[in-house]
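To start, the structure itself, in structure tokens.
The values are calculated or read from the model by the stated rules, or taken from the named source; none is laboratory data. Bear in mind that the values here come from a model prediction, so they are computed numbers and not experimental data. Methodologically, a virtual Cβ is constructed for each residue, glycine included, from the backbone with ideal geometry; neighbour enumeration extends over all protein chains shown. Accessible surface areas use protein heavy atoms only, side chains included; no ligands, DNA or RNA. Shrake-Rupley method; radii C 1.70, N 1.55, O 1.52, S 1.80 Å.
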Amino acid sequence: MARKLREAAGGDASSLPDHEALVRSIRRWESGKISTPSERYRLLFSRALQIEEKALFGELPEDEEIVSLLVLPPAGAGVLPPGFTVESVEALLSRLYRLDAEFGGNELCQVVAGQAQAAAGLFGSPGLRADDTRRLYLAMAGLTQIAGWLSIDASRHAEASRYLTATIYAAHEADDPSLAGHALGYMSLHALYRDQPDKALALARTAIGLTSAGVSPRARATAHNRAARAHARLGEADACKRSLDLAQAVYAETADEEEPRWVGYVGEIELSAQRGACFLDLGQADDAISEIEDTISLVRSRTPEHARDLAHYTIRLAAAYLSKGEVAHAAAIGGNAHRMSSAIGSARVRERFTEFMDDLSAYKKVPQVRDLAEEVRASSY
């Protein structure tokens, strides 16, 4: 089945996990440990077996409604799509959390923005019950937060700031400081990507204060990770490691906690990824390589459908080997990263790859570097 899925992927097969990881995923689906494959893999199964997706997997309760919301834009400003309710917004948000893990911001950003605008129109709906108002604010906060994150991923900086600011307002109206702090954590990451580490640290510290007043340990862990990233970019190794330790300690509190969906991505993989990124920024190549390799291994074994994350972490690994002076090995890993990043719609990931190629260009005499540069040029035609 793994071979059939690769054949069905065609030119995108290079973005799939390696054969053994794919086999493990199929076993998990067959054993029922995962109720159904992700959207991407359902399509591949359908192609490989030449059976309609609906016949293979049946209809999920909200599928037809949500697919129509994702594919079709809202009716227009001030006009609600037919059947658009608080429940449908919550269902859409639940599906978007899954889709975000598989696709880049380039593909989803406009769709989510349109749905957030439509959902805002529900506040003036005569059918909105008073007890649904907080639910709608929470759903709006979720939509604008994911719109902000996707805008970051698509390098749409002004839009990212606008959506995340709206998230903070909606979270405040819903009296959810953890969610407001989490949005500030995204703003911190956004500042870091724009090379503003001092601003990133100030935002992260505010996020720590807000999440400490909330009820989500994972949100607190994420805020400490944001601070760690800013400290690393500023070259503050001791402060960075203290923040990483705090993130790990707070995350350990989540064992028996029921956490909200918007921190569902915060787990062992995320914590490992953030440590690897910090060590890379601190210039600690060996620690960075060890952490990033562990992260990639976890992704391949647990969430192989997360193609964007796999591409991003592979670029980091290539950059870590380059910083250690292992140029040929870095170029070989960079080739894998290029093929992965070409298959997904993430401007952020492609920017990181461009930065890696700029650093690699100092070694043009190395044959593997010349080969990779030629591969990149050829793919751009």
Quiz item: Do we have any residue at all in segment 204-217 that's under 20 Å from Ser151 (Cβ atoms), in a helix (DSSP H, G or I) and hydrophobic (A, V, I, L, M, F, W, C)?
Solution: yes
Practice problem: Looking only at segment 313-334, decide whether some residue is assigned to a loop (DSSP other than H, G, I, E, B) and of a type in the set (A, V, I, L, M, F, W, C). | Solution: no
Exercise. Give Leu310, Leu322 a once-over and let me know the one that is buried (at least 22 other Cβ atoms within 10 Å of the Cβ) and modelled with pLDDT under 95.
Key: Leu310
Quiz item: Quick check, is Gly283 closer than 23 Å to Ala337 by Cα and touching a helix residue (DSSP H, G or I) at 6+ places or on another chain (Cβ under 9 Å)?
Solution: yes
Self-check item: Only listed residue being among the β-branched types (Val, Ile, Thr), surrounded by 15 or more Cβ atoms within 10 Å (Cβ to Cβ) and at pLDDT 80 or above, chosen from Ile26, Ile66
Solution: Ile26
Practice problem: Scan segment 191-216 for residues that are within 27 Å of Arg135 (Cα to Cα) and either without any contact (Cβ under 8 Å) to a residue 40 or more places away in the chain or of a type in the set (D, E, K, R) (or both) and report the count. | Solution: 12
Quiz item: Pick from Glu351, Glu355, Glu374: which is farther than 26 Å from Asp100 by Cα, acidic (Asp, Glu) and either touching a His at 6+ places or on another chain (Cβ under 7 Å) or surrounded by fewer than 17 Cβ atoms within 10 Å (Cβ to Cβ) (or both)?
Solution: Glu374
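Residues checked against (1) at pLDDT 70 or above; (2) surrounded by 14 or more Cβ atoms within 10 Å (Cβ to Cβ); (3) not acidic (Asp, Glu):
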| position | (1), (2), (3) |
| --- | --- |
| Arg6 | yes, yes, yes |
| Ala9 | yes, yes, yes |
| Ser35 | no, no, yes |
| Ser38 | yes, yes, yes |
| Gln50 | yes, no, yes |
| Phe57 | yes, yes, yes |
Quiz item: Which pairs have Cβ atoms under 7 Å, sit 6 or more apart or on different chains, and link a residue in segment 230-251 that is in contact (Cβ under 8 Å) with a residue 40 or more places away in the chain to one that is open to solvent by 50 Å² or more (accessible area, probe 1.4 Å)?
Solution: Ala232/Asp281; Arg233/Asp281
Quiz prompt | Qualifying residue in segment 118-140 (condition: closer than 29 Å to Glu351 by Cα and buried (at least 16 other Cβ atoms within 10 Å of the Cβ)) | solution = no
Quiz item: Leu246 fails exactly one of the following numbered conditions: (1) open to solvent by 70 Å² or more (accessible area, probe 1.4 Å); (2) within 28 Å of Leu96 (Cα to Cα); (3) among the aliphatic types (A, V, I, L, M). What is the number of that condition?
Solution: (2)
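Name every residue in segment 150-163 that is hydrophobic (A, V, I, L, M, F, W, C), surrounded by fewer than 24 Cβ atoms within 10 Å (Cβ to Cβ) and assigned to a helix (DSSP H, G or I), in order of residue number.
Scanning segment 150-163 gives a single hit, Ala158.
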Practice problem: Please indicate, with yes or no, whether at least one residue in segment 326-335 is open to solvent by 30 Å² or more (accessible area, probe 1.4 Å) and either among the basic types (Lys, Arg) or under 21 Å from Ala378 (Cβ atoms) (or both). | Solution: yes
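Does Arg98 meet the test of being at pLDDT 75 or above and either open to solvent by less than 80 Å² (accessible area, probe 1.4 Å) or within 23 Å of Ala343 (Cα to Cα) (or both)?
No: the conditions fail for Arg98.
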Quiz prompt | When residues of segment 190-202 are limited to those that are part of a helix (DSSP H, G or I) and open to solvent by 30 Å² or more (accessible area, probe 1.4 Å), the one farthest from Glu259 (Cα to Cα) | solution = Asp198
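Pull up segment 255-293, narrow it to residues that are charged (D, E, K, R) and closer than 22 Å to Arg24 by Cα, then point me to the one that is least open to solvent (accessible area, probe 1.4 Å).
Glu270
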Self-check item: Which numbered condition Ile296 fails, given (1) free of Cβ contacts under 8 Å to residues at least 24 places away in the same chain; (2) in contact with a helix residue (DSSP H, G or I) (Cβ under 8 Å, 6 or more places away or on another chain); (3) among the hydrophobic types (A, V, I, L, M, F, W, C); (4) open to solvent by 30 Å² or more (accessible area, probe 1.4 Å)
Solution: (4)
Self-check item: Enumeration of residues in segment 279-332 that are closer than 23 Å to Val266 by Cβ and in contact with a His (Cβ under 8 Å, 6 or more places away or on another chain)
Solution: Val299
